[in-house]
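J.: Before anything else, here's the structure in question.
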Amino acid sequence: MAHAAPPTDPELARHVTPAARTTIQHPPVTPGKVAMWLFLATEIMFFTGLIGSYIVLRAGSPPTAYSNLYPPGTDLRDLQDTRGVILKSAGPNRSRVIAVLRTEAGLDEHEAEHLLDSLPHGVAYGIPKDKADALHDALNAAGAEAEVEGLKAYHWPKPYDTQTNPLSIDLTAFNTFILICSSVTMVLALSAFQRDDRRKGSIFLLATVLIGSTFLSIQVYEYYQLMFGHHYPPGISATGHFRPDVSLFASCFFTMTGFHGAHVTGGVILLTCIFIQSLRGIFTRHNFSTVELAGLYWHFVDLVWIILFTVVYLM
């Protein structure tokens, strides 16, 4: 019996199944993704230990570790009857108030001017009740608004308490919003490259770099203000400046936010390098894994900051 001749190449092409003509898909799990998830797992353990240590140290802080009148860690047992005078408003006659501060509170003119520029602010701390009353009366007679405050003790500084906590929650909340916006631009950059829109991908990468740099700039500004720019009351620091060595709260704050800032800095450098590569047209809908992996890291950094902001600033 005669056998049919084998089909020619055109005939084979017509008989190729639809499955054979479909585009080969990238595997959902790549070695790069596995490596990134393992790296992020170690980062999760690191920040979990850091935040956990903060919670333990805070819970173990003595109930009188911080007060509104004395530096952190002061023994308050014999100081219960002392007072402080808080100046809330200078009133219409600034020069008279400055004169009172110089004669009654012992401040020089520069200190008095600086104090009036940062109201409400303490004028005197840890003084006997009769002296506090006399200073209070003199300030009110000069047209200012002042009040005498008794000793209050806390186990940890409270949010928005200007006598024990120097952190600017409003500024940092705005900075947190900025960092969240960078996650949005990171998602848009990846989506653009997956659609093969290289121009928009590069633009959104650049936006992510700029927004991340803005976050770091505001954090540097915050550090400068805390460490050098302001003179804080003794309830915050015995030196008048909030630095890592002034209290346990300060040490925890700079350690936790400093480590996170280092991670953001690394992310900004990484994204800058990726942005430069994108200008060369490297990333397409067939080659976007580098952007995707960098995005995973960036979203992790953003999530960690939201947790740190909640724990350190708001609790």
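J.: Test of understanding: in a Gaussian network model of the chain with alpha carbons linked when under 10 Å, which of Leu69, Leu216, Leu279 would top the mean-square fluctuation ranking?
T.: The residue with the greatest mean-square fluctuation here is Leu279.
J.: Give me the number: length gained by fully extending Lys33 to Arg94, i.e. 0.36 nm times residue separation minus the C-alpha to C-alpha distance, one decimal in nm.
T.: Answer, rounded to one decimal: 15.6 nm.
J.: Right, here's the next one. Relative to the present Cα-Cα distance, how much length would full extension add between Leu210 and His155 at 0.36 nm per residue of separation? Working shown, then result.
T.: On the way: separation 55, 0.36 × 55 = 19.80 nm, distance 3.94 nm.
Taking 0.36 nm per residue and subtracting the Cα distance, the gain is 15.9 nm.
J.: Ranking Trp156, Trp305, Trp37 by Cβ neighbours within 10 Å, fewest first, what do you get?
T.: With the fewest neighbours first, Trp156, Trp305, Trp37 line up as Trp37, Trp156, Trp305.
J.: In deg cm²/dmol and to the nearest 500, what is the mean residue ellipticity at 222 nm of the chain if only DSSP H runs of at least 4 residues count, each as -39500 (n - 2.57), divided by the residue total?
T.: It comes out at -19000 deg cm²/dmol, rounded to the nearest 500.
J.: Springs between alpha-carbon pairs under 10 angstrom, Gaussian network model over the chain: which of Cys252, Cys181, Cys273 fluctuates most?
T.: It is Cys273.
J.: With contacts defined as alpha carbon pairs under 8 Å and 6 or more residues apart, what's the relative contact order of the chain in percent? Provide the component values of the computation, followed by the final result.
T.: On the way: 384 pairs, mean separation 64.5, N = 315.
The normalised contact order for the chain reaches 20 percent.
J.: Just how many pairs of Lys in the chain have C-alpha atoms closer than 22 Å, counting pairs that are eight or more places apart or on different chains?
T.: Numbers: Lys88/Lys129; Lys88/Lys131; Lys88/Lys152; Lys88/Lys158; Lys129/Lys152; Lys131/Lys152.
Close lysine pairs under the 22 Å cut-off: 6.
J.: Report the calculated FRET efficiency for Thr239 and His299 (r = Cβ-Cβ distance, R0 = 30 Å), to the nearest 0.05.
T.: With R0 = 30 Å, the Cβ-Cβ based efficiency is 0.15.
J.: A further question on this structure: Using the number of other C-beta atoms within 10 angstrom as an exposure proxy, rank Val246, Val97 with the fewest first.
T.: On the way: Val246 21, Val97 24.
Listing Val246, Val97 from fewest to most nearby Cβ atoms yields Val246, Val97.
J.: For the chain, set up a GNM with springs between Cα atoms under 10 Å and report which of Pro166, Pro63, Pro92 has the largest fluctuation.
T.: Pro92
J.: Right, next: Excluding Arg198 itself, what net charge comes from residues whose Cβ is under 12 Å from its Cβ, given Lys and Arg +1 and Asp and Glu -1?
T.: Numbers: positive: Arg195, Arg199, Lys200, Arg280, Arg285; negative: Asp196, Asp197.
Net of charged neighbours comes to +3.
J.: Mind running the shape call on region 81-150? Use the C-alpha gyration tensor, a ≥ b ≥ c as the square roots of the eigenvalues: rounded below 1.5 for a/c, prolate if a/b tops b/c, oblate otherwise. Show your work: numbers first, answer last.
T.: Working: a/c = 1.62, a/b = 1.50, b/c = 1.08.
Because a/c hits 1.5 or more and a/b exceeds b/c, region 81-150 counts as prolate.
J.: Follow-up question, since we're still on this one. Any chance you could check the Cα centroid distance between region 275-315 and region 175-193 for me, in angstrom?
T.: Computed from Cα coordinates, the inter-centre distance equals 8 Å.
J.: Give the long-range amide H neighbours of Gly126: residues separated by 5 or more places, or on another chain, with amide H under 5 Å away, using H modelled in the peptide plane at 1.01 Å from N.
T.: Arg83, Gly84
J.: For each of Arg83, Arg77, Arg285, count neighbouring Cβ atoms within 10 Å of the residue's Cβ, then give the residues from fewest to most.
T.: Listing Arg83, Arg77, Arg285 from fewest to most nearby Cβ atoms yields Arg77, Arg285, Arg83.
Read the figures in this text as sums done on the coordinates, not as results from a lab. In this text, all values refer to a predicted model and were calculated from it rather than measured experimentally. A quick note on method: Cβ atoms are made from the backbone with ideal geometry, for glycine too, and the neighbour counts reach across all protein chains shown.
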